[in-house]
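The next block holds one structure in the form of structure tokens; read it before the comments.
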Amino acid sequence: MASAKKLPLFAPLAALFSCAAFFLPASCALALCVLGLLSLVAAVVFGKKPFPVLVVAAGMGIVLGTVLGLCSSARLTPAGVRGGFCANLPYTALIGKVAAMPVLSASGMLSIVLDVSELWGPDGLRASASGRVTVCARTNLPVVRGQSLQLNDLQQADGNPALWFAGDNPVITRAAPRLERIRATVLGAMLAAIDRAGGRASGLLKALLLGCRDDLDQEDAAMFRDAGCAHILALSGQHVVVIAWILRCVLGAAFGKRIATTASCVVLVAYAWICGASPSVVRAVLMFCLSALFSAADRPQHALAVLSWAWILSMTMDPQGSASLSAQLSYLAALGISLCAGRCAFWLRRWCLPPVAAALAQGLAALWATSGLSMAVFGRLNLASPATSA
């Protein structure tokens, strides 16, 4: 039986170089990609260990990160006519595919993220386009991820080419794929069941269990925000950990550890799919499933190696989601926990009970790892987050 969780270098190195190439500008990433290809060739020619393992990891990470980074940047740019963004052209309508679950704003407008395929201008001008935009519109149509919509009477938000306002009558030009329609049906049934069982608390239960905040009372949201616990209302890795723990405890007592772990993986994958697969949920589900797979193969891995493989898989499956701010904060927090939580908990045990020290250590490690990005984006740090998230 393999008990020691040694840290292999391949996965962390591949993840590190793929992350560097993924977020670099296109010109720098392409130059780095050439070096990555040369390193792969060198590893084949000069086959002496451990040189090939390290070089292959770096080369594969660079090439993968460059290719997926270019795909992501091409999809996340503001929409415009192919070959350049015509900011001064008064577009009147667009056609695009729904890229994410729509969100109901406080004003009653539906915020829809679209991958644009066609733009319409005045006098019947129509042109192919590419890019991702957010369109706010009022509609009673069942908007489902994957369907194509035509939105008319466009008005661009001042100073933000990726935010538009549309008229109240969008048109469905193509239905969503069958799997997406099934997912939307199942999610709707679960939301309806919570409405029947939850009563006045149904809005809060929807946010806590399924991440749907459309019906959340503004006073409840303000209470969580003032208490520094607003992150609880957004689906994250914490929700996945709680669900996995409950499943393993309940099923483990009845069917044994192996069946409980397998069933937990299936349920967590289904849960992530039904709830829309946010980056933090995907990361936590991938880490749980990979850890279970490595343990079943009698090859338990260090947490950093599992996190590295999770990053590589999530970046490959969804480059656009991996480029989002929520994904970056989620992976940075998990990186800090895997690197520093153990030592921090050991230090805190001098003053706290072990369970309290472990919870505070995870919060402190996550705060340390995300502090740089949080300061760069938000300009401040929530120093109370280790206590409120414990």
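Going by the structure shown, is residue 351 outside any helix (DSSP H, G or I) and either modelled with pLDDT under 90 or under 16 Å from residue 11 (Cβ atoms) (or both)?
In short, yes.
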Considering region 63-96 alone, what residues qualify as being within 26 Å of residue 312 (Cβ to Cβ) and modelled with pLDDT of 75 or more?
63, 64, 65, 66, 67, 68, 69
Selection within region 237-279 - at pLDDT 85 or above, small (Gly, Ala, Ser) and crowded, with 16+ Cβ neighbours inside 10 Å:
244, 260, 263, 264, 272
Can you name the condition, by its number, that residue 303 falls short on among (1) without any contact (Cβ under 8 Å) to a residue 24 or more places away in the chain; (2) over 16 Å from the mean Cα position of the chain (by Cα)?
(1)
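The rows are residues; the columns are (1) within 15 Å of residue 19 (Cβ to Cβ); (2) touching a Gly at 6+ places or on another chain (Cβ under 8 Å); (3) among the small types (Gly, Ala, Ser); (4) in a helix (DSSP H, G or I).
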| site | (1), (2), (3), (4) |
| --- | --- |
| 251 | no, no, no, yes |
| 254 | no, no, yes, yes |
| 260 | no, yes, yes, yes |
| 266 | no, no, no, yes |
| 286 | no, no, no, yes |
| 295 | no, no, yes, yes |
| 311 | yes, no, no, yes |
| 337 | no, no, no, yes |
Among the candidates 158, 168, residue that is part of a loop (DSSP other than H, G, I, E, B) and at pLDDT below 75
158
Within region 126-142, which residues are in a loop (DSSP other than H, G, I, E, B) and under 12 Å from residue 96 (Cβ atoms)?
131
Where a residue in region 188-202 is closer than 22 Å to residue 273 by Cβ and its partner, wherever it lies, is at pLDDT 85 or above, with Cβ under 9 Å and at least six apart:
190/274
Since residue 343 meets every condition but one in (1) in contact (Cβ under 8 Å) with a residue 60 or more places away in the chain; (2) farther than 24 Å from residue 22 by Cα; (3) not hydrophobic (A, V, I, L, M, F, W, C), which condition does it not meet?
(1)
Of the residues in region 190-211, those that are under 25 Å from residue 114 (Cα atoms) and either in a helix (DSSP H, G or I) or modelled with pLDDT of 85 or more (or both) come to 191, 206, 207, 210
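For the subset of region 90-125 comprising residues that are assigned to a strand (DSSP E or B) and small (Gly, Ala, Ser), which member is farthest from residue 321 (Cα to Cα)?
Filtering region 90-125 down to residues assigned to a strand (DSSP E or B) leaves 93-98, 103-104, 110-120.
The next check asks that each one be small (Gly, Ala, Ser); those that pass are 93, 96, 111, 117.
Working: 93: 26, 96: 18, 111: 17, 117: 19 Å.
Ranking the qualifying residues of region 90-125, first place goes to 93.
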Among (1) touching a Phe, Trp or Tyr at 6+ places or on another chain (Cβ under 8 Å); (2) within 15 Å of residue 114 (Cβ to Cβ), which single condition is residue 183 missing?
(2)
Scanning for something crowded, with 17+ Cβ neighbours inside 10 Å and in a helix (DSSP H, G or I), does region 297-304 turn up at least one residue?
yes
Name every residue in region 279-307 that is touching a Phe, Trp or Tyr at 6+ places or on another chain (Cβ under 7 Å) and within 10 Å of residue 240 (Cβ to Cβ), in order of residue number.
283
Given the structure, is residue 282 at pLDDT 85 or above, within 29 Å of residue 105 (Cα to Cα), touching a Cys at 6+ places or on another chain (Cβ under 9 Å) and surrounded by 16 or more Cβ atoms within 10 Å (Cβ to Cβ)?
no
Check whether at least one residue in region 374-384 is among the charged types (D, E, K, R), over 16 Å from residue 280 (Cα atoms) and at pLDDT below 85, and report yes or no.
yes
I want to confirm something. Restricting to region 172-185 and keeping residues that are surrounded by 13 or more Cβ atoms within 10 Å (Cβ to Cβ) and of a type in the set (A, V, I, L, M), which single residue is farthest from residue 270 (Cα to Cα)?
172
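Report, by residue number, each residue of region 131-155 that is aliphatic (A, V, I, L, M) and either touching a His at 6+ places or on another chain (Cβ under 6 Å) or modelled with pLDDT under 85 (or both). Quick ask: steps written out before the conclusion?
So in region 131-155, the residues aliphatic (A, V, I, L, M) come out as 133, 135, 137, 141, 143-144, 149, 151, 154.
Those that are aliphatic (A, V, I, L, M) and either touching a His at 6+ places or on another chain (Cβ under 6 Å) or modelled with pLDDT under 85 (or both): 133, 141, 154.
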Is at least one residue of region 356-373 surrounded by fewer than 13 Cβ atoms within 10 Å (Cβ to Cβ) and under 20 Å from residue 330 (Cβ atoms)?
yes
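The values are calculated or read from the model by the stated rules, or taken from the named source; none is laboratory data. Please read these numbers as outputs of a predicted model, since none were measured by experiment. For neighbour counting, all protein chains shown are included, and Cβ atoms are generated from backbone atoms with ideal geometry for every residue, glycine included.
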